[in-house]
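Here is the structure we will look at.
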Amino acid sequence: MKIDKKLIKELVDHLKEFELSELEYQEGQTKIKVSKVSKGIEQVKTSAIVSPNKSVLKSSDDIEGIRVKSPIIGTAYLAPEPGAKKFVEVGDKVKKGQTVMIVEAMKTMNHVPSTADGVVKKVLIEDGQPVEFGQTLVLLK
């Protein structure tokens with residue numbers, strides 16, 4: 001994949017010009033997201049993501065199991081607050097309806113319940129990671 005530096009610079013310029021904190025651009029399988037992080041000093045963070053065929057990325061281990069998916073777009077948190085014990089860890093037994101994580105959207109904390117009884121096989125996201133609607137968050141066996 002060839003990175004279009006001119007396009008990224010143009011997107012960063014749009015951030016400044018329109019006083020935006022984040023801007024996302026997608027063309028085909030290429031997705032570019034630029035965001036501004038302000039911590040005293042103005043910085044601009046950019047990331048480019050290429051989405052290959054998702055079926056290639058799945059191993060047989062990830063295909064089998066019960067998937068707990070995100071009900072909304074937002075930021076996923078593995079614990080109720082920073083530094084607190086995580087809702088679930090790999091190997092934990094969970095009951096249907098038990099909170100497995102929180103997804104924050106528009107300053108509202110939405111609890112994500114387990115869709116079935118099972119054992120946590122894999123947690124597929126990191127704490128504080130942005131998630132999409134329908135994205136698998138936890139895999140149960």
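Taken together, the values in this text are just the output of simple stated rules run on the coordinates, not laboratory data. Source: prediction; values computed, not measured. Every residue, glycine among them, receives a Cβ derived from its backbone with ideal geometry; neighbour counts consider all protein chains shown.
Taking the number of Cβ atoms within 10 Å of each Cβ as an exposure proxy, the fewest-first ranking of Y25, Y77 is Y25, Y77. Which value, to two decimals, describes the C-alpha radius of gyration of the range 54-140 once divided by 2.2 N^0.38 Å? Taking N as the residue count of the range 54-140, the ratio is 1.03. Stretching K6 away from E64 to a fully extended chain increases their span by 16.6 nm, per 0.36 nm per residue minus the current alpha-carbon distance. With 0.36 nm allotted per residue and the present C-alpha distance subtracted, the K85-H111 stretch has 7.8 nm of extension available.
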